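What follows is a set of notes on a single structure, which appears directly below.
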Amino acid sequence: MFIFRGLESHPRSFVKAVSWRTVGSIDTFILGMLFTSGNAKIAGSIAGTEVITKILLFYFHERAWSLVRWGHRPEPVAGDPAPSDGLGSDGRGLDGRGLDGRAEGTAPA
């Protein structure tokens, strides 16, 4: 599918579609049992039919969304420093001060 060039591979999108449909089909079967007063044959035929259509719909939905840049975080470039929240690895500011503005080991004023 050359028109869907996204960040995810086609096999990954397909496996996600199958796993989601497994969950969805169990839900559909249970609801079918409830709405048909326990008729497992009808519930099973409903769940079995919707598996195929919804796997395909989910696959194309995922591939289309993979083309949308909104909400994607940029991948870090090798050699660039990691984005900083302004805190060092010890939780203190890069200037050695804590969030309260005091240097390490000093008592409050």
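Readers should treat all values here as calculations from the given coordinates under stated rules, not as data from a laboratory. Predicted, not measured: the structure shown is a model, and the values here were computed from it. Neighbour counts run over all protein chains shown; Cβ positions are idealised from the backbone, glycine included.
Just a few scattered comments:
- Within the range 29-72, being surrounded by 12 or more Cβ atoms within 10 Å (Cβ to Cβ) and not in a helix (DSSP H, G or I) holds for T36, N39.
- Of all residue pairs spaced 6 or more apart or on separate chains, those with beta-carbon atoms under 9 Å, a first member in the range 22-46 that is closer than 20 Å to F58 by Cα and without any contact (Cβ under 8 Å) to a residue 24 or more places away in the chain and a second member that is in a loop (DSSP other than H, G, I, E, B) and β-branched (V, I, T) are I46/T36.
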